[in-house]
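The values are calculated or read from the model by the stated rules, or taken from the named source; none is laboratory data. Keep in mind that what you see is a predicted model, and the values were worked out from it rather than measured. Here the Cβ positions follow ideal geometry from the backbone for every residue, glycine too, while neighbour counts run over all protein chains shown.
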Amino acid sequence: MQIDLRGRSNMADYMVICSGRSSRHVAAISQKLIDRLKERFKLSARSEGKEVGDWVLIDTGDVVVHVFRPEVREFYQLEKMWLDAGGAATI
């Protein structure tokens, strides 16, 4: 899910939220994304949480990506928090 943050937050222009099926899957998705960002766009993204794999945050500057295990995503419900604040989202 992509959430447009332009004009609503100084932290980023977009937030992307997605899920992996397990901790290992979350870590693999995150690492692959970081690798592709570096290869294709020459971006050095910062990340947190890859060691545990429940929730990985990837910060590229303009875009923040959250990769969750399904249970963790359901618990925090970031989509609901930002959409309730009047945000536009695309899936």
Could you list, in sequence order, all residues of the range 54-82 that are at pLDDT 95 or above, of a type in the set (Asp, Glu) and assigned to a helix (DSSP H, G or I)? GLU71, GLU74
Output the residues belonging to the range 15-72 that are closer than 25 Å to LEU83 by Cβ, charged (D, E, K, R) and exposed (fewer than 15 other Cβ atoms within 10 Å of the Cβ). ARG21, GLU48, ASP59, ASP62, GLU71
Tell me which residues, restricted to the range 1-53, are assigned to a strand (DSSP E or B) and within 12 Å of the chain's Cα centre (by Cα). GLN2, ILE3, TYR14, MET15, VAL16, ILE17, CYS18, SER19, ARG46, SER47, GLU48
Identify, please: which residue in the range 19-46 is in contact with a helix residue (DSSP H, G or I) (Cβ under 6 Å, 6 or more places away or on another chain) and among the small types (Gly, Ala, Ser) and is, among those, nearest to ARG6 (Cα to Cα)? ALA45
Among the listed residues ALA85, ALA89, identify the single one that is touching a helix residue (DSSP H, G or I) at 6+ places or on another chain (Cβ under 7 Å), modelled with pLDDT under 95 and either on the phi > 0 side of the Ramachandran plot or surrounded by fewer than 17 Cβ atoms within 10 Å (Cβ to Cβ) (or both). ALA89
Pair list, Cβ under 7 Å, 6 or more apart: the range 63-78 residue free of Cβ contacts under 8 Å to residues at least 40 places away in the same chain, other residue part of a strand (DSSP E or B) and buried (at least 17 other Cβ atoms within 10 Å of the Cβ): VAL72/TRP55
